[in-house]
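Below is one structure, written out as structure tokens, with a few remarks after it.
Bear in mind these aren't lab numbers, they're just calculated from the coordinates by the rules spelled out. Everything quoted here is computed from the prediction, not taken from an experiment. Cβ: placed from backbone, ideal geometry, glycine included. Neighbour counts: every protein chain shown.
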Amino acid sequence: MSVEVSMEGGYSYAMQPQLPRIALPICLLPPTEAVVVSDPAPAFAAELAGFVDQWISQQQPTTSGSPQVNFDLKVFGQSEKQPLVVVDDLFHNVPAAR
């Protein structure tokens with residue numbers, strides 16, 4: 001079985017705790033076909049992670065303000081216009097610089 005997957009990657013941090021987080025876009029993966037299997041991870045995951053790592057390495061964004069790498073994921077059935085699954089605000093906390 002295969003589906004189409006779309007993802008957005010971003011970086012966010014808080015300038016002040018009482019203010020909304022600052023969100024910076026990193027990358028957009030247009031709908032890409034992926035086979036549904038438990039192992040190995042789909043190819044788009046490594047590609048998206050590579051874009052994020054490259055952006056962080058080149059831009060050297062702030063590591064203060066509880067930074068996060070953020071993702072939005074949409075899974076579509078074959079030839080479907082509406083997503084079957086939407087995961088908003090999937091995030092990974094970025095460790096503070098030492």
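Beyond 19 Å, what percent of the Cα pairs of the chain remain? Walk me through the numbers on the way to the answer.
Working: 2254 of 4753 pairs.
Above the 19 Å cut-off, the chain has 47 percent of its Cα pairs.
Can you list the GluC sites (Glu not before Pro) in the range 20-98 that are in a DSSP coil and have 14 or fewer other beta carbons within 10 angstrom?
On the way: sites: E33, E47, E80; in loops: E80.
Answer by residue number: E80.
Once the dipole of the chain is set up with Lys and Arg at +1 and Asp and Glu at -1 on Cβ about the Cα centre, which of A96, Q16, S57 lies farthest towards its positive end?
Q16
Given charges of +1 on the Cβ of Lys and Arg and -1 on the Cβ of Asp and Glu, with all other atoms neutral, how large is the dipole of the chain about its Cα centre, in debye to the nearest 20?
Values: 4 positive and 10 negative charges, 77 e Å.
Rounded to the nearest 20 debye, it is 380 debye.
What residues of the range 21-55 lie in the reach of a label at N93, counting those whose backbone N is under 18 Å from a point 7 Å from the Cα along Cα→Cβ?
21-22
Roughly speaking, what is the stretch gain from Q18 to V86, that is 0.36 nm per residue apart minus the C-alpha to C-alpha distance, in nm to one decimal? Mind showing how you got there, number by number?
Working: separation 68, 0.36 × 68 = 24.48 nm, distance 2.78 nm.
In short, 21.7 nm is gained.
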